[in-house]
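First comes the structure, then the notes that go with it.
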Amino acid sequence: MSELTIPTTTLADGTPFPLLGLGTGSPKGPEGAEVVAAALREGYRLVDTAAQYGNEAAVGEGIRRSGIDPAEVLVTTKIAGGDQGREAARLGFTESLRRLGLPSVALLLIHWPNPSRGLALDTWRTLIDLKEEGLTAHIGVSNFRPEQLQELFDATGVWPEVNQIQLSPALPRQEALAFHREHGIVTEAWGPLGGREGLSEQFALHRVAEKHGVTTSQVTLRWIRDQDIVAIPRSSNPERRRQNAELDHLVLDDADRALLASLDLGEHKAWDSREHEEW
Ligand SMILES: NC(=O)c1ccc[n+]([C@@H]2O[C@H](COP(=O)([O-])OP(=O)(O)OC[C@H]3O[C@@H](n4cnc5c(N)ncnc54)[C@H](OP(=O)(O)O)[C@@H]3O)[C@@H](O)[C@H]2O)c1
């Protein structure tokens, strides 16, 4: 089968960045390593992991098993809540690199702001240092609201290059997107298929999928891609991974977009990082 071709967006410094990556919340262990290896052989190059997922060793093993040059693989990992802080973040990240078996990563994120700890800014300062030291090519955050992003910039003069947020047609996050665009921050969508929101059962989504003869996942991922948002769907199934990447033949029109707009559950349905914390 032909290798997948994955289009790119552009980070603030001009670096191309894939618009599709592989999510890896599960499976873990040897099975997880196999999924990563297979996805890389199929043509995926961006792999999303986190210290919190307990699968960094499996991701590293998958990269080695894939036969793809590790230098070509873009790994994202994240600083866990319990590792926030000036020194703790450095130690946490050192452990991530050890588990991954890599000298550096492509993208390092702060997983959640966790305001009750008050350590996000210290953690951000450490990420800036780690980038300067070449241990991560790019730095960003996850689940930060506009005002939380602004705080990082006001204190350091450095915007995150990426903000990975919960986003799908059920949670279009228009305010966050507008803020990101204004400040050159690339948006990355987690939970892009909207499983937590019951998106795939929605009649409007099925209408659009049937009209184009594609799956509901493809409609969702095309809608995300059309907004220049990176999506990181997770799948253990090779056929679905291929489907999630093959979107070129699908062109959504205004009527489709109007139907998809009706799926918006409202911003209040997104996990709110002023209250939701993950350590
Ligand atoms: N930063 C954060 O706080 C945060 C939070 C959550 C997730 N994430 C990241 O985002 C990634 C994606 O989010 P997610 O895993 O929550 O949800 P998701 O990728 O939206 O959905 C994954 C589910 O969809 C199924 N699936 C995938 N492709 C499909 C297709 N074409 N047709 C039908 N079903 C399909 C998968 O099952 P099969 O495996 O059986 O295909 C799996 O059950 C995670 O893996 C993780 O890397 C980040």
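The values are calculated or read from the model by the stated rules, or taken from the named source; none is laboratory data. Bear in mind that the values here come from a model prediction, so they are computed numbers and not experimental data. Heads up, the Cβs are rebuilt from the backbone with ideal geometry, glycines too, and the neighbour counts pull from every protein chain shown.
Restricting region 92-116 to residues that are polar (S, T, N, Q) and part of a loop (DSSP other than H, G, I, E, B), which is surrounded by the most Cβ atoms within 10 Å (Cβ to Cβ)?
Selected residue: Asn114.
So for region 170-179 (the condition being in contact (Cβ under 8 Å) with a residue 40 or more places away in the chain, hydrophobic (A, V, I, L, M, F, W, C), outside any helix (DSSP H, G or I) and within 13 Å of the ligand (Cβ to nearest atom)), does at least one residue qualify?
yes
Of all residues in region 81-91, which are outside any helix (DSSP H, G or I) and surrounded by 24 or more Cβ atoms within 10 Å (Cβ to Cβ)?
Gln84
Looking at region 195-205 only, could you name the residues that are more than 8 Å from the ligand (Cβ to nearest atom), under 25 Å from the mean Cα position of the chain (by Cα) and of a type outside the set (Asp, Glu)?
Selection gives Gly198, Leu199, Gln202, Leu205.
Assigned to a helix (DSSP H, G or I), among the acidic types (Asp, Glu), over 27 Å from Asp248 (Cβ atoms) and within 13 Å of the ligand (Cβ to nearest atom): does that describe Glu31? Walk me through how you get there before you give the answer.
On the way: assigned to a helix (DSSP H, G or I): yes; among the acidic types (Asp, Glu): yes; over 27 Å from Asp248 (Cβ atoms): yes; within 13 Å of the ligand (Cβ to nearest atom): yes.
For Glu31, the condition - assigned to a helix (DSSP H, G or I), among the acidic types (Asp, Glu), over 27 Å from Asp248 (Cβ atoms) and within 13 Å of the ligand (Cβ to nearest atom) - is met.
Report whether or not Ala231 is in contact (Cβ under 8 Å) with a residue 40 or more places away in the chain and touching a Lys or Arg at 6+ places or on another chain (Cβ under 9 Å).
Values: in contact (Cβ under 8 Å) with a residue 40 or more places away in the chain: yes; touching a Lys or Arg at 6+ places or on another chain (Cβ under 9 Å): yes.
Here the answer is yes, as Ala231 does meet what is asked.
Out of region 130-160, which residues are of a type in the set (Asp, Glu) and surrounded by 14 or more Cβ atoms within 10 Å (Cβ to Cβ)?
Glu151
Given the conditions (1) within 20 Å of Glu246 (Cβ to Cβ); (2) surrounded by fewer than 14 Cβ atoms within 10 Å (Cβ to Cβ); (3) at pLDDT 95 or above, report the number of the one that Asp69 does not fulfil.
Failing condition for Asp69: (1).
So which residues in region 209-257 are outside any loop (DSSP other than H, G, I, E, B), more than 15 Å from the ligand (Cβ to nearest atom) and hydrophobic (A, V, I, L, M, F, W, C), if there are any at all?
The one that is outside any loop (DSSP other than H, G, I, E, B), more than 15 Å from the ligand (Cβ to nearest atom) and hydrophobic (A, V, I, L, M, F, W, C): Ala255.
Only residues that are in a helix (DSSP H, G or I) and not hydroxyl-bearing (Ser, Thr, Tyr): list them for region 122-143, please.
Asp122, Trp124, Arg125, Leu127, Ile128, Asp129, Leu130, Lys131, Glu132
Does region 162-169 contain at least one residue that is surrounded by fewer than 19 Cβ atoms within 10 Å (Cβ to Cβ), under 26 Å from Glu201 (Cβ atoms) and polar (S, T, N, Q)?
Checked against the condition, which is being surrounded by fewer than 19 Cβ atoms within 10 Å (Cβ to Cβ), under 26 Å from Glu201 (Cβ atoms) and polar (S, T, N, Q), region 162-169 yields no hits at all.
Among (1) more than 25 Å from Thr5 (Cβ to Cβ); (2) in contact (Cβ under 8 Å) with a residue 60 or more places away in the chain, there is one condition His268 misses while meeting the rest; what is its number?
(2) is the only condition that His268 fails.
I'm told Leu20 meets every condition in (1) modelled with pLDDT of 95 or more; (2) within 20 Å of the chain's Cα centre (by Cα); (3) farther than 17 Å from Ala189 by Cα except one. Can you identify the failing condition by its number?
(3) is the only condition that Leu20 fails.
Can Val73 be described as of a type outside the set (Asp, Glu), within 13 Å of the ligand (Cβ to nearest atom) and closer than 23 Å to Glu3 by Cβ?
Spelling it out, it is not the case that Val73 is of a type outside the set (Asp, Glu), within 13 Å of the ligand (Cβ to nearest atom) and closer than 23 Å to Glu3 by Cβ.
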